[in-house]
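Student: Sharing a structure with you now.
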């Protein structure tokens, strides 16, 4: 009799939990619908890694407006600058292995290269400055000739030096270490350093160190115009990036070779994989505790990020009335992304939109506020 009572109680608890989760997911779905209507989005994918690592996945809207294809959790999108987390994680692991130190001078590794003196602040740069965007280096991808090259040769394979050539001779934005300016150029240099030190191709190393062992089965290198499971995105920057509004062509290829982005982002994934990875990275599970402290500690320089966020190493540091969270946003033509980890609740949320259209008055971080409150109550 006692066993029957216990079984009944256990069953009641399970049913109650399932009912509670269903209720919360319905509330979150309503929030996603509000976002779609407010911003005018095709669709959204949202994933939440709960404290017990259970994954909640919620999709809303369309993966393809014209075909009326419903968005699904397994849909893959480019994740933009959230991919910097993989580059930073690899750099921090190399520090743990004694192969470098983040306070090393960049000239230690590239000082003898013919191109090195052509970049601003070259002799004063350290790896730390690259990681936290205090180098003063211009953004190579904002050079006007980039879009012309992408249009003329969408299959072009870029070298590191070719990317850097777009900032050769350009003045520094500020003295090295004495200011803050977000720049993909910083992470391109880190990617070049990684390949120099490990004598392996960057994405092959990510596969070996992260993708396979962590079972990130729907995370892919952004080094090919055809990505498994990639859905189309919609861009409002057709002129700026030389892409059509619908960035995935009818033949299934992206408008240009995303290999151009490299370690400035360079990843395509599902929201589920990004939520899993975000918890591991921002929870300090992929490197030493000393490296973790380096990663989450913001530079002393004031940023121009929304929400008064500070910046560590591939790490936005948000402080909402004393509630600290870590994460990153991402942009790639046709897509925007945010991943946010709340250490106080051990929850990680990833959200992807299949458009690069945003509300200029409201940050992606702000769009997660109501969703975080719903999850925390659970």
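The values are calculated or read from the model by the stated rules, or taken from the named source; none is laboratory data. Note that the structure is a prediction, hence the values are computed from the model and not measured. Cβ atoms come from the backbone with ideal geometry, glycine included; neighbour counts cover every protein chain shown.
Student: On the basis of being modelled with pLDDT under 95 and either surrounded by 17 or more Cβ atoms within 10 Å (Cβ to Cβ) or out of contact with any strand residue (DSSP E or B) (no Cβ under 8 Å at 6 or more places or on another chain) (or both), does residue 261 make the cut?
Tutor: So residue 261 does not fit the description; no.
Student: Further, regarding this structure: Any chance you could count how many residues in the range 111-168 are at pLDDT 95 or above, part of a helix (DSSP H, G or I) and under 22 Å from the mean Cα position of the chain (by Cα)?
Tutor: Looking only at that region, the number is 9.
Student: Next up: Going through the range 319-345 one residue at a time, which ones are surrounded by fewer than 20 Cβ atoms within 10 Å (Cβ to Cβ), over 14 Å from the mean Cα position of the chain (by Cα) and in a strand (DSSP E or B)?
Tutor: Correct list: 319, 320, 323, 324.
Student: Sticking with this structure for a sec: Got a number for residues in the range 218-238 being in contact (Cβ under 8 Å) with a residue 40 or more places away in the chain and surrounded by fewer than 18 Cβ atoms within 10 Å (Cβ to Cβ)?
Tutor: Residues that pass the stated criteria total 4.
Student: Within the range 304-315, can one find any residue that is at pLDDT below 95, at positive phi and either buried (at least 23 other Cβ atoms within 10 Å of the Cβ) or outside any helix (DSSP H, G or I) (or both)?
Tutor: no
Student: Mind listing just one residue for me: the one in the range 39-49 that is in contact with a strand residue (DSSP E or B) (Cβ under 6 Å, 6 or more places away or on another chain) and not in a strand (DSSP E or B) and, of those, farthest from residue 327 (Cα to Cα)? Quick ask: steps written out before the conclusion?
Tutor: First, the residues of the range 39-49 that are in contact with a strand residue (DSSP E or B) (Cβ under 6 Å, 6 or more places away or on another chain): 41-49.
Among the residues that remain, those that are also not in a strand (DSSP E or B) are: 41-42.
Values: 41: 22, 42: 24 Å.
Among residues in the range 39-49 that are in contact with a strand residue (DSSP E or B) (Cβ under 6 Å, 6 or more places away or on another chain) and not in a strand (DSSP E or B), the one farthest from residue 327 (Cα to Cα) is 42.
Student: Can I ask one more? If you scan the range 64-92, which residues turn out to be surrounded by fewer than 18 Cβ atoms within 10 Å (Cβ to Cβ) and either on the phi < 0 side of the Ramachandran plot or in contact with a helix residue (DSSP H, G or I) (Cβ under 9 Å, 6 or more places away or on another chain) (or both)?
Tutor: Of everything in the range 64-92, those that are surrounded by fewer than 18 Cβ atoms within 10 Å (Cβ to Cβ) and either on the phi < 0 side of the Ramachandran plot or in contact with a helix residue (DSSP H, G or I) (Cβ under 9 Å, 6 or more places away or on another chain) (or both) turn out to be 65, 66, 67, 69, 70, 72, 73, 74.
Student: Considering the range 346-361 alone, what residues qualify as being surrounded by 15 or more Cβ atoms within 10 Å (Cβ to Cβ) and part of a loop (DSSP other than H, G, I, E, B)? Let's see the steps before the verdict.
Tutor: As a first pass, look at the range 346-361 and keep what is surrounded by 15 or more Cβ atoms within 10 Å (Cβ to Cβ): 347-358.
Scanning the range 346-361 gives 354, 356, 357, 358.
Student: Residue check, residue 155 against (1) surrounded by 17 or more Cβ atoms within 10 Å (Cβ to Cβ); (2) out of contact with any helix residue (DSSP H, G or I) (no Cβ under 6 Å at 6 or more places or on another chain); (3) closer than 30 Å to residue 226 by Cα; (4) touching a residue at least 40 places away in the same chain (Cβ under 8 Å), all met but one. Which one?
Tutor: (1)
Student: Same structure again: Does residue 188 fit the bill of being touching a residue at least 60 places away in the same chain (Cβ under 8 Å), surrounded by fewer than 16 Cβ atoms within 10 Å (Cβ to Cβ) and either in contact with a helix residue (DSSP H, G or I) (Cβ under 8 Å, 6 or more places away or on another chain) or not in a loop (DSSP other than H, G, I, E, B) (or both)?
Tutor: Taking the combined requirement at face value, the residue does not satisfy it.
This table checks each residue for (1) farther than 30 Å from residue 40 by Cα; (2) crowded, with 24+ Cβ neighbours inside 10 Å; (3) in contact with a strand residue (DSSP E or B) (Cβ under 6 Å, 6 or more places away or on another chain).
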| residue | (1), (2), (3) |
| --- | --- |
| 203 | yes, no, yes |
| 210 | yes, no, no |
| 250 | no, no, no |
| 269 | no, yes, yes |
| 291 | yes, no, no |
